[in-house]
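The numbers here are math on the coordinates, done by the rules we state, and not lab data. Source: prediction; values computed, not measured.
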Amino acid sequence: MPSPPITTDSSPQPLPIALIIITIYWLLDCAMDAWIFGDESFLEQITEPSTQEVAIRVLASTVLLISAFWVRHVLGKGQKQKEALATALQTTEKQRQDVVVLNKELTQRTEELTVSNDELASFAHALNHELRNPLTQLFLAVQSLEKKETTLDDDTRYALEAISEAGGSMSAAIDAMLILSGVSRRKMEKVEIDLSLMVREIADEFAQKDPERKCHWAIAPHLLTRGDPLLLRLALLNLISNAWKYTDPELEAMFAFGAARRGDLLTYYLRDNGCGFSVKEGSKIFEPFQRLAHPREVQGTGIGLATVRRIISRHGGHIWAESRPGRGATFFFTLYGGTPTIGAKTGS
């Protein structure tokens with residue numbers, strides 16, 4: 001669709017036209033009077049008109065002049081409207097072309113994303129199949145050797161234990177990567193979720209697994225949002241597991257879950273009194289296979305926080321952490337549609 005040209009005003013000015021019309025009118029009026037009445041010459045009509053004739057001609061000339069300016073105003077207004085319409089059409093056409101280009105780019109990126117997801121699914125399937133089978137055979141071989149415990153020396157038994165432990169770590173890493181892959185490919189559900197209740201349930205599960213551990217929870221009640229219940233539970237489970245592992249089991253652990261508004265955003269947080277981490281470590285903790293340095297050995301795959309970040313991202317939010325070594329850590333995250341209720345529920 002070609003854009004209409006913007007025209008410029010080239011019409012004659014009203015004043016010269018009005019003067020020409022008035023002059024012609026006077027000449028014609030004098031000629032008609034001379035022809036009709038026949039008692040005055042054409043020249044006398046022009047040079048010596050009566051007072052009544054002058055008044056009539058001045059009035060008529062004024063009407064003609066005003067009419068000429070009014071016509072000019074109407075034509076000029078129409079011209080401006082025409083120019084405005086032409087400009088609007090040009091703008092609309094450009095916007096239409098921009099939308100077409102953006103739609104093509106969006107379609108291309110959607111196709112690329114679909115291909116990437118398919119490749120990721122294939123990779124996850126291959127990872128599970130190609131690595132799980134050798135691991136299973138390795139475990140069977142170790143178990144077969146361990147049955148001959150009476151004929152094994154201490155060094156051999158130690159080596160078998162190391163092999164079994166390494167195999168277990170690899171199996172856990174494969175499971176974690178499959179979970180991370182599944183998070184990206186899972187079809188999202190959007191239902192109302194009580195995050196406070198979800199945190200309480202997970203906290204109770206950890207307390208049942210380690211009943212001797214001293215801990216204190218402060219959970220703000222009725223923190224509601226909309227999202228996928230399985231994915232958000234997995235995110236909270238990983239966050240709480242991380243906080244649980246990096247707090248000293250010999251001391252009373254302090255955990256807090258709540259929400260606060262920062263500007264227009266509702267920000268949820270999980271706080272602990274664990275070992276904390278440095279700014280340098282904090283910049284990498286959400287990357288896969290990144291683990292914090294700790295004076296005691298902490299079990300884990302290094303995939304948990306990367307999984308949390310992927311889940312939060314799929315819910316339209318962001319996650320970050322603030323901490324200092326030895327002063328605990330606070331993990332903040334945002335989600336769409338959160339509606340907090342002020343209050344706190346405590347438990348130990």
- Task: For segment 191-347, restrict the atom set to alpha-carbon positions and state the Rg and Dmax in Å.
- Result: 14.8, 42
- Message: At a threshold of 8 angstrom on Cα-Cα distance, excluding pairs fewer than six apart, so keeping six or more, what relative contact order does segment 191-347 reach in percent?
- Response: 29 percent
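Take every DSSP beta bridge with both residues inside segment 191-347 and express the antiparallel ones as a percent of the total, to the nearest 5. Please report the intermediate quantities before stating the final value.
Working: 27 of 32 bridges.
So the antiparallel bridges amount to about 85 percent of the total.
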- Message: Among the listed pairs 94/187; 187/284; 104/187; 147/245; 245/280, which have their C-alpha atoms separated by more than 32 angstrom in this model?
- Response: 94/187; 147/245
